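Mind looking over this structure? Questions follow.
The values are calculated or read from the model by the stated rules, or taken from the named source; none is laboratory data. Model, not experiment: these values are computed from the prediction. When we count neighbours, we look across all protein chains shown, and the Cβ atoms used for this are built from the backbone with ideal geometry, even at glycine.
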Amino acid sequence: MQTENINTNNSALDGKSIAIISYLTIIGWIIAYVMHNNSKTQLGAFHLRQSLFLMLTGFATAIAQSLFLFIPILGWLISILLYLVLLGLFVLWILGLIAAINGEEKKVPVLGDKAQEILKGIQ
């Protein structure tokens, strides 16, 4: 009975560690993914999907922003708007990281449902 409790706590700790590490850069995400393959948890999979979607969205937004910089006036205005989108993604990243630290499966606002739907292959 005692070992069952230890295994449950160890699994919960692994899931929480995977969730937190997944938000720390792309290298952290890869490390968390490898750790997740060794001990799969629902919490780990949830945050792997959330963090990957935030990273990919941020990367695509940054590329679009850099492309719009070459277009005078209108492109600069669009680039400023995309900068604000990147700031919003940073706030969502912080919210996701806080949820991972607390061990919660809390979706990030606006993008959370889409992230779970698109990346449902990560289990």
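Looking at the stretch 20-123, what helices (runs of 4 or more DSSP H) fall wholly within it and have at least 3 residues that are surrounded by fewer than 14 Cβ atoms within 10 Å (Cβ to Cβ), more than 15 Å from the chain's Cα centre (by Cα) and in contact (Cβ under 8 Å) with a residue 24 or more places away in the chain?
In the stretch 20-123, no matching helices (runs of 4 or more DSSP H) lie anywhere.
Please work out if LEU43 is at pLDDT 95 or above and under 16 Å from ALA99 (Cβ atoms).
No; evaluated as a whole, the condition is false for this residue.
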